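The block underneath contains the structure these notes are about, expressed in structure tokens.
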Amino acid sequence: MIGARLVEDMTDAERERAQRVDAVLPALRAAAEEADRLGAFPPTHVDLLRDAGLLGLVVPEKFGGLGGTLRDLAAATFAMGTACPSTALAYFFHNTSASRGLLPLEAIDAGLFADDEIPVVRAFAEKLLTRMADGCWLANFASEAIKTAAANITIATTARKVDGGWILQGEKSFGCATGVADYYLTSAKIEGYDTAEGLATFFVPRDAPGVHVRAPWDGLGMRATANNGIRLDEVFIPQDEALAVPGAFTKMLSMSRGSFVGNQLAIAAVYTGCAQNVYDEMLATATAKTFADTGDPIASSPVHQVLIGEMTRQLQTAYLWLRYQLAVETAEPPFKPKQEVFTQWRLGKGAVTEACFQVALGAFKAGGTSAAAMSGVAGRALRDLAMGLVMTFPAERGMLEVARIVTDAKANELFATAPAGADR
């Protein structure tokens, strides 16, 4: 299994789940170049992943899923990243939706909800997990263009209570699988709240009245993710399609083992898979091609030896950070407190993505002008891995936050709400 290159100590059950991932990789790989050229997510991939049961990879078996964990998700996104990073990224964000079901259930078990809140929270969580297991693709929409100094993600989209449900108004600037997913799992702030206690989560059907797709995204990064974002114009969501219990959002986040909602390292696994693929392709080409005058492999030249050595170092750096982070977030019993896990990830995310980008840069240099094509493996990887430098937060912000944690013993909150009337 390709995923075993990252998760080296797979159990038998994990290997069985990884085999499902390996089975879809040829189709992902075959479509990757054309999808990148068109800047469009291949619609056939939805049925491909659904039929393989992979949309329920991290959903517990009692809800109809495969029962995988963060280890499975990291192995899956890594493997998909070697074939089509765009699909791997969109698939990652689908799986992050599971946290909105798993963490509230953990918070219930931890006694964080009042008795009258438990039925509402449980119903939403179980509905979410069951839908994923049944093959619904969920796009996780949180990010917005508006920024505040207090947090990485600021929510300005509003939710107004009306008879029978809620009215959503706002814009989401980032969200893979726009126009592809069955539901947009959308974060919004309840009117009247100015803190994260008022954040709520809603199932927004893709074709609901008032849901509009933003202009096509033509960004520097993974181009086939359907990453356009949406505008919500007075969108009505029924009460039973919302988790709008005040404080539910912060209570559920408190249950994660470390990074964000406990699965963010799987996005870094996407980048590492992409880096591994471009490394393998470069090495195969450089050892197969020979100099016309000596017959020696191009890889034997001093310049290529330096490039290959540096690429190997950078790739191993990414693996080391990922594997250790995976260990501290999945070990039972935990051997690090949450704050230390969180702090490590703020450094680790930047270290992994910067290292992966350097691998692609090395492959670009090793290929020379003849391989410097937008459709080539090195060219695509260079653009794909550039996204990792900025997604969620750049390495510099991670280092700054860690410095503040170390000196002030206080971490920035991840989520914040925008002041009333803030420009969207």
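The values are calculated or read from the model by the stated rules, or taken from the named source; none is laboratory data. Model, not experiment: these values are computed from the prediction. Note: ideal-geometry Cβ built from the backbone for every residue, glycine included; neighbour counts use all protein chains shown. Side chains are part of the model used for accessible areas, which takes the heavy atoms of the whole protein and leaves out ligands, DNA and RNA. Shrake-Rupley method; radii C 1.70, N 1.55, O 1.52, S 1.80 Å.
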Check which residues have an amide H placed less than 5 Å from Met391's amide H, if you skip close sequence neighbours. none
Considering only protein heavy atoms and a probe of 1.4 Å, how much of the accessible area of the range 77-233 is carbon and sulfur, as a whole percent? 51 percent
Hits in the range 280-300: amide N under 15 Å from the 7 Å Cα→Cβ extension of Val306, namely 300
With an 8 Å cut-off on Cα pairs and a minimum separation of 6 or more residues, tell me the relative contact order of the range 315-380 in percent. 33 percent
Rolling a 1.4 angstrom probe over the protein chains, ignoring ligands and nucleic acids, what is the accessible area of Leu320 in square angstrom, nearest 10? 120 Å²
Quick check on the range 37-177: take the gyration tensor over C-alpha atoms, sort the square-rooted eigenvalues as a ≥ b ≥ c, and tell me if it's rounded (a/c under 1.5), prolate or oblate. oblate
How would you classify the range 224-341 from its alpha-carbon gyration tensor, with a ≥ b ≥ c the square roots of the eigenvalues: rounded for a/c under 1.5, else prolate if a/b is greater than b/c, otherwise oblate? oblate
Compute the label zone of Ser375 within the range 11-49: residues whose backbone N is under 20 Å from the point 7 Å along Cα-to-Cβ. 27-43
If R0 is 45 Å, what FRET efficiency do you get for Asp233 and Asp9 from their C-beta distance, rounded to 0.05? 0.35
How far apart, in nm, are the 7 Å Cα→Cβ label points at Asp408 and Asp115? 4.1 nm
About the Cα centre of the chain, what is the dipole size in debye to 20, counting +1 per Lys and Arg Cβ and -1 per Asp and Glu Cβ, all else neutral? 640 debye
Probe 1.4 Å, all protein chains present, accessible-area order of Ser143, Ser187, Ser370, largest first: Ser370, Ser143, Ser187
Taking the chain as the reference, fit the longest principal axis to its C-alpha atoms, fit the long axis of helix 377-386 to the helix C-alpha atoms, and give the angle between the two in degrees, 0 to 90, nearest 10. 40 degrees
Arg397-Thr195 pseudo-label distance in nm [points 7 Å out on the Cα-to-Cβ vector]: 2.3 nm
List every residue whose amide H lies under 5 Å from the amide H of Val204, counting only residues 5 or more places away in sequence or on a different chain, with H placed 1.01 Å from N in the peptide plane. Tyr184, Leu185, Thr186
Give the peptides 210-219, 27-36, 285-294, 84-93 in descending order of average Cβ contacts within 10 Å, highest first. 84-93, 27-36, 210-219, 285-294
Straight-line reach from Lys338: which lysines fall under 27 Å, measuring Cα to Cα and dropping same-chain residues less than 8 apart? Lys147, Lys189, Lys251, Lys349, Lys410
With a ≥ b ≥ c taken as the square roots of the eigenvalues of the C-alpha gyration tensor of the range 171-270, please select rounded if a/c is under 1.5 and otherwise prolate if a/b is larger than b/c or oblate if it is not? oblate
Assuming R0 = 25 Å, what is the FRET efficiency of Ala288 and Ala23, from their Cβ-Cβ distance, to the nearest 0.05? 0.30
Using the Karplus curve 6.51 cos²θ - 1.76 cosθ + 1.60 with θ = phi - 60°, work out ³J(HN,Hα) for each residue of the range 266-283 in order, rounded to whole Hz, and write x for Gly and Pro. 5, 6, 5, 5, 4, 5, 5, x, 4, 5, 4, 5, 5, 4, 4, 5, 4, 5
Can you run phi through the Karplus equation (6.51, -1.76, 1.60; θ = phi - 60°) for the range 330-339 and list ³J(HN,Hα) in whole Hz, with x for Gly and Pro? 10, 5, 10, x, x, 10, 9, x, 4, 4
Below 8 Å, C-alpha to C-alpha, sequence gap of six or more: please give me the relative contact order for the chain in percent. 18 percent
With a 1.4 Å probe and all protein chains left in place, how much of the accessible area of the range 364-411 comes from carbon and sulfur atoms, in whole percent? 65 percent
For the chain: accessible area per residue (Å², 1.4 Å): 41 Å²
Leading residue at positive end of dipole, the range 275-424 (Cβ point charges), from Leu400, Tyr324, Ala371: Leu400
Could you list which residues have their amide H under 5 Å from that of Arg223, counting only those 5 or more apart in sequence or on another chain, with H placed in the peptide plane? none
For the range 392-398, in residue order, the Karplus 3J(HN,Hα) values (coefficients 6.51, -1.76, 1.60; θ = phi - 60°; whole Hz; Gly and Pro = x) are 6, 6, x, 4, 5, 5, x
Farthest towards the positive end of the dipole of the range 241-356, among Gln314, Gln339, Pro302 and with Cβ unit charges of +1 on Lys and Arg and -1 on Asp and Glu, lies the Cα of Gln339
